[in-house]
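These notes concern the structure reproduced below.
The values are calculated or read from the model by the stated rules, or taken from the named source; none is laboratory data. Worth saying up front: this structure is predicted, and the values here are computed from it rather than measured. Neighbour counts run over all protein chains shown; Cβ positions are idealised from the backbone, glycine included. Each accessible area value is taken on the protein alone, full model and side chains, heavy atoms only, with ligands, DNA and RNA left out. Shrake-Rupley method; radii C 1.70, N 1.55, O 1.52, S 1.80 Å.
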Amino acid sequence: MKVLIAAPLHEKAFDVLKNAGFEVVYEEYPNEERLLELAKDVDAIIVRSKPKVTRKVIENAPNLKVIGRAGVGLDNIDLDAAKERGIEVVNSPGASSRSVAELALALMFNVARKIAFADRKMREGVWAKKQCMGFELEGKTLGIVGFGRIGYNIAKIAKAMGMSILLYDPYPNEERAKEVGGKFVELEELLKESDVVTLHVPLLDSTYHLINEERLKLMKPTAILINAARGPIIDTNALVKALKEGWIAGAGLDVFEEEPLPVGHELTKLDNVVLTPHIGASTVEAQMRAGVEVAEKVVKVLKG
Ligand code: NAD
């Protein structure tokens, strides 16, 4: 059996496939024409968010039995075409949960203690001690919007940090909530009561601009908002207004409505915002887990 790896994967993922006795072909991000050529005699293709596995590729790969996506989103794979041919699609949705959770917490600490601002000032030669009054997270209320894999990982750490936890999720997992001492409430109550609000919902029609002007106005003027889920979950224009006019105290953002964030964007001009370029899953551990997990799933499909 032959497996095409069409995106960079951790070397341990290659080992999983080779140890299973498969021939492994590697080419980084081939274009569609090249992918068509490479895929014509393979049993499996493994990709990341790139390249696109189009209908044309799927229909011209007669031996193809499984498509693996190292990571979460499946939007670069034509799922209808795969389904029509009975090709399985596997991914590794939990591989980066801890990494994203740790990044969200890093953003919380950073905003609460004004670390990025202080660092910028130090480099300008300014000792901005007076402007850097922060607050502790212990004893504060953390509102987690979306209590899935990432939300749960954050809650476990937040509990150990001595934070009170409010949760909002249309599909509440009471057992996990109990484990972390969290309480499910309505979104409006969570926004009103929390000192830190962190978003971990998928981007759906129902979560598009979930955090809008009206909801930002419910938050405490001392509160901070973290988004390491997807940019369009927050109405960016409303957030910029909220940050400028002091409806909330600050924000930590890993994701944006437009990525990369346009140069000179309003957000880059605000001192009470910490920005990172969608690096939630960018850790050695998450990348390794994603590759190994998807390789193991591909082996399972091919070996039956
Ligand atoms: P998950 O599916 O385990 O959890 C999502 C939770 O959101 C579920 O419990 C679901 O019931 C809940 N939910 C759905 N609709 C909701 C709504 N309207 N309001 C509140 N909750 C709602 O997903 P996860 O693995 O925890 O990931 C969450 C999101 O994080 C992903 O969808 C992805 O967009 C994002 N993510 C970002 C990065 C990054 O690099 N920053 C990396 C991985 C994932």
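State the percentage of accessible surface on the chain attributable to carbon and sulfur atoms; use a 1.4 Å probe and exclude ligands, DNA and RNA. Here it works out to 50 percent.
Considering Cα pairs under 8 angstrom that are at least six residues apart, work out the relative contact order of the chain and quote it in whole percent.
On the way: 600 pairs, mean separation 58.6, N = 304.
Computed over the chain, the figure is 19 percent.
Over all Cα pairs of region 96-275, how is the pair count split among 10 Å bins, expressed in % and running from 0 up to the last occupied bin? Histogramming region 96-275 at 10 Å steps yields 10, 40, 37, 12, 2, 0 percent.
Among Y171, Y26, the order of accessible area from largest down is Y171, Y26, computed with a 1.4 Å probe on protein heavy atoms.
Can you give the accessible area per residue of the chain, in Å², using a 1.4 Å probe? Mind showing how you got there, number by number?
Working: 15330 Å² over 304 residues.
Accessible area per residue, the chain: 50 Å².
Among the trypsin sites (Lys or Arg not before Pro) within region 1-107, those in coil by DSSP and having at most 14 neighbouring Cβ atoms inside 10 Å are K40, R85. For A7, the residues whose amide H sits under 5 Å from its own are E27, Y29, ignoring neighbours fewer than 5 places away on the same chain, with H placed 1.01 Å from N.
Computed over the alpha-carbon atoms, region 198-304 gives an Rg to Rh ratio of 1.12, Rh here being the Kirkwood radius from the mean inverse distance. According to the calculation over all Cα-Cα pairs in region 88-138, the P(r) per 10 Å bin from zero is 22, 33, 22, 13, 8, 2 %.
The lysines whose alpha-carbon is closer than 20 Å to the alpha-carbon of K114, local same-chain residues fewer than 8 away aside, are K129, K130, K140, K220, K241, K244, K269.
For the pair N60 and D119, what calculated FRET efficiency results from E = 1/(1 + (r/R0)^6), where r is the Cβ-Cβ distance and R0 = 35 Å, to the nearest 0.05? It would help to have the intermediate numbers written out before the result.
Numbers: r = 52 Å, r/R0 = 1.48.
It comes to 0.10.
Add -39500 (n - 2.57) for each DSSP H run of 4 or more in the chain, then divide by its residues: what number comes out at 222 nm, to the nearest 500 deg cm²/dmol? Provide the component values of the computation, followed by the final result.
Working: 12 runs with 113 residues, N = 304.
Calculated at 222 nm, the ellipticity per residue is -10500 deg cm²/dmol.
Rounded to the nearest 20, the Cβ-based charge dipole of region 1-132 about its Cα centre (Lys and Arg +1, Asp and Glu -1) stands at 1060 debye. Below 29 Å, Cα to Cα, which lysines can K18 reach? Residues fewer than 8 away in the same chain don't count. Those lysines meeting the cut-off are K2, K40, K50, K52, K56, K65, K83, K297, K300, K303. The heavy atoms of M122 offer some 110 square angstrom of accessible surface to a 1.4 angstrom probe.
Which of the chymotrypsin sites (Phe, Trp or Tyr not before Pro) found in region 121-190 are in a DSSP loop and have at most 11 neighbouring Cβ atoms, other than their own, within 10 Å?
W127
When you filter the GluC sites (Glu not before Pro) in region 159-191 for DSSP loop state and at most 14 other Cβ atoms inside 10 Å of their Cβ, you are left with E186.
Given a cut-off of under 8 Å on Cα pairs at least six residues apart, what relative contact order in percent is computed for region 154-218?
Numbers: 44 pairs, mean separation 17.6, N = 65.
Once normalised by length, the contact order is 27 percent.
Across the alpha-carbon atoms of the chain, the computed radius of gyration and Dmax are 21.8, 67 angstrom.
Candidate membrane-span-like segments in the chain, meaning DSSP H helices with Cα atoms spread over at least 24 Å of their own axis and a Kyte-Doolittle mean of -0.5 or above, are 284-303, with no membrane implied. Of all the options S194, S92, S282, the one that moves most in a Gaussian network model of the chain with Cα springs shorter than 10 angstrom is S282. In a fully extended conformation the segment linking E186 and E27 would gain 52.4 nm over its present Cα-Cα distance, using 0.36 nm per residue.
Rounded to whole numbers, the Karplus 3J(HN,Hα) couplings from phi for region 133-146 are 5, x, 9, 7, 8, 4, x, 8, 9, 9, x, 9, 9, x Hz, using 6.51 cos²θ - 1.76 cosθ + 1.60 with θ = phi - 60°, and x at Gly and Pro.
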